[in-house]
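The values are calculated or read from the model by the stated rules, or taken from the named source; none is laboratory data. None of these values were measured; they are calculated from a predicted model. Reconstructed Cβ throughout: ideal geometry from the backbone, glycine too, with neighbour counts over all protein chains shown. These accessible areas exclude ligands, DNA and RNA; they are computed on the full protein's heavy atoms, side chains included. Shrake-Rupley method; radii C 1.70, N 1.55, O 1.52, S 1.80 Å.
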Amino acid sequence: MMETICNRANQHPKEMKCLLVATESAEVLFYWTDTEFELNIQEQYGGSQEEGGRLPAFEDSINTLFAPIIISCSSMVDRLGDSYTSFITENNHIYVLHQFEECLYIAVNGDGEESEEDLKRKIYVMNKLTKILFGMVTLSPLLRKELRPQDTAQRNRIWKKLRSLLETYSRLREHDQSFLVEAVERLIHPTLCEQCIEFLERKLVQQINSSVERAGEEVLHAFILVHTKLLAFYSSRNASTLASSDLLALIVMLQDICPSSFLDDTTPEELESTSAPDVFYTPEPSPTDQDSGRLSSDSPPVFQFVDPDIQMAEDSLQMLKVPAPDPMTPSRVFLEATLKEGFFPMMPHSMYCLPLWPSITLVLLTKVPNSHVAVSVCGYLEVITKLEKRLSEGLQGAAASRGQPPIHELRNKLDRFIRFLASMDIQTSHLQNVWTEFKNKAFSRSGPGLTRALVPSCRSLRIQLCAVFRQCFVAECVGGSQRLAPTLQERALCMVQFLSLRCIYFNHSFTYLEEFPGLVHFIYVDRSTGQMIAPSLHMTDHAASELGKGPLAYFIKNKVRDFVATTRRYLQKGYTTVTLRDGDYYFCYFLWFENETGYKLEVIDIPSLPDDSAPIGMLAYNYYSKLLRFYSKNYHSEVVKCFELLTVHLGVIPTEYILQHCSQLARKMWEPSRIPLL
């Protein structure tokens, strides 16, 4: 079977990139291909015509190509309980496979631009975006109805959205270093951050939440983005912490709606042929301690007022450059939340994207009116899933429900919950039938009780709970009826509009060139908060990065990308320090732990990871939260924080000076990283 698969895969010498989601029965739920892959498939299958002389649909060709791989995976799982995770064909095409619930993800690369680890990361990110869009429906076979609805027009809309999100993520990972290291990049300006946070709290969130026009919604989080960088973030008192992985995923969605100009693809050759000689950015000297709290007289002012008519004209011209989405229509997203009832991985929120200026966006995340239904569904799903798992393992009776609330308590609560849903005109007939069957088997004397025979009923109950969740929060008709009043959104936009003018004149720069001679670039990451600080690597038609504007900047950018991949390979093996010399440059990487006061904690051996583990990062899988829990076992009374520092120096700098620079730079970055965003 494997030889047949490889032979079929080897028939595609021109194929480039593809990502496929399918069921175990080889039904295609979603696919994305680049142009080269699509052309190659059309060339291969174009010669075979259906009855009537019609060419086969492209989706049928995709199914024909991947069906042997999907079926072989299913057969291996059925017979051996395991399957292969990747393979490489004779012409070096890489296939990576991973199963999430009942969906098989397959990523392919045939041009050598993506490694096996890159493809695995793409699969995990795609699964993360699917969870953000569909919530707990992803935990059941009902996801098939969402990814592949019967209505062709609806299916095309969903596939177009997913393809666009995947392409946006790929561009961000290529051009934005925050997605390279998977951490939210911060803009460091204490005065402006403080003003924005105060405004978000007092002038925006409080006014919206006290308004009668909020239609039952409550603003939980409000933040301002400049491109992909976080300027200010405010959370209300009732809000749970917004996970870094969710914030990164939301930035992907926002960039898909309003893409930044720096995401335009420009090759080094094009830049070299069209641009002037390298122009390097030289930052102004750092402010002294005496004037650090105020702007210098010759710096661009944070508050700059111009003639209103002129400003209005400039606003109109600028807004023509970027097609603004309709802010009145929110997006339904499902995010992690820690509430008093416990941890919930996919709670429904509404996301409002309000463009203030090209590349400056205000984002509101609101709590939907009937979110308590989601809390209940999550709780019941967790109990039923654990019970199903234990029954499948052979546990019976009291042992199967140990560590959970008494099963009879679940019986009474779920009965009341179904009656409550019926009073809200929510369709519960299927749930009621499945729950009645479950009770007859689990609680009646004639039933088998809590034994393995109850597993099919547990699965059916899970599916019907997910169906209630889908009906309440995922269905297309839900988003249109639950949202803030348009007049309230317009007032919010007007209130914050003036604040965007301050952001425009904000010059985000570092003075590391003067303080650390020979330092070319660095990335400092606080993994406890999921935030990073780094000099810019963006090159546009209007501005140069700190490395200049030309082939040199692209060269360093690619070197940094390669070194990040190298550090992840070593981190997977348990190494927390990496130093290497590559041509004219010297690269350093350090991972360490500190307490809240900044005292560096002792170095320990961290666990190595198997080759088939999830990719290291924070977007699709938060490796660092697990690492922090592992390290914190020996520090029960302290709050442990994790940091990373990556530096690039000129190779002529002596090693002892490079290590000294790294230590000083880590201390220098420690202070601004603690400027509050919240």
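Brief remarks on what is shown
- Residues in segment 399-415 that are without any contact (Cβ under 8 Å) to a residue 40 or more places away in the chain and assigned to a helix (DSSP H, G or I): 9 in all.
- Residues located in segment 18-30, provided they are modelled with pLDDT of 95 or more and open to solvent by 20 Å² or more (accessible area, probe 1.4 Å): none
- Candidate set: segment 464-517, residues that are open to solvent by 20 Å² or more (accessible area, probe 1.4 Å), small (Gly, Ala, Ser) and modelled with pLDDT of 60 or more; chosen: the one nearest to Leu365 (Cα to Cα): Ala485
- Some residue of segment 67-80 being free of Cβ contacts under 8 Å to residues at least 24 places away in the same chain and within 23 Å of Gln42 (Cα to Cα): no
- Selection count, segment 415-426, where residues are open to solvent by 70 Å² or more (accessible area, probe 1.4 Å) and modelled with pLDDT of 90 or more: 4
- Across segment 323-347, the qualifying residues are those that are of a type in the set (A, V, I, L, M) and open to solvent by 40 Å² or more (accessible area, probe 1.4 Å), and the one among them that is modelled with the lowest pLDDT is Ala324.
- Taken together, Glu594, Glu644 contain a single residue that is at pLDDT 90 or above, closer than 23 Å to Asn558 by Cα and among the acidic types (Asp, Glu), which is Glu644.
- Single residue of Pro355, Pro369 found to be under 24 Å from Thr428 (Cβ atoms) and outside any helix (DSSP H, G or I): Pro369
- Evaluation of Asp584 against (1) under 30 Å from the mean Cα position of the chain (by Cα); (2) in contact (Cβ under 8 Å) with a residue 12 or more places away in the chain (one fails), failing number: (1)
- If you check Ser613, Ser663, Ser637, Ser632 for being within 30 Å of Tyr124 (Cβ to Cβ), without any contact (Cβ under 8 Å) to a residue 24 or more places away in the chain and hydroxyl-bearing (Ser, Thr, Tyr), only one passes: Ser632.
- Test: residue in segment 73-89 that is at pLDDT below 90, assigned to a loop (DSSP other than H, G, I, E, B) and closer than 20 Å to Asp111 by Cβ: yes
- Failed item in (1) surrounded by fewer than 18 Cβ atoms within 10 Å (Cβ to Cβ); (2) touching a residue at least 24 places away in the same chain (Cβ under 8 Å); (3) hydroxyl-bearing (Ser, Thr, Tyr), with Thr152 passing the rest: (2)
- Among the residues of segment 416-461, those that are assigned to a helix (DSSP H, G or I), in contact (Cβ under 8 Å) with a residue 40 or more places away in the chain and of a type outside the set (A, V, I, L, M, F, W, C) comprise Arg452, Arg459.
- At least 1 residues being within 17 Å of the chain's Cα centre (by Cα) is the threshold, and among the helices (runs of 4 or more DSSP H) wholly inside segment 137-235 those reaching it are 152-175, 177-181.
- Condition met for Leu271 (modelled with pLDDT under 80, open to solvent by less than 20 Å² (accessible area, probe 1.4 Å) and not in a loop (DSSP other than H, G, I, E, B)): yes
- Met76 vs. criteria touching a Phe, Trp or Tyr at 6+ places or on another chain (Cβ under 8 Å) and either polar (S, T, N, Q) or open to solvent by less than 30 Å² (accessible area, probe 1.4 Å) (or both): no
- Search result, residues across segment 57-72 that are surrounded by fewer than 16 Cβ atoms within 10 Å (Cβ to Cβ) and modelled with pLDDT under 90: Ala57, Phe58, Glu59, Asp60
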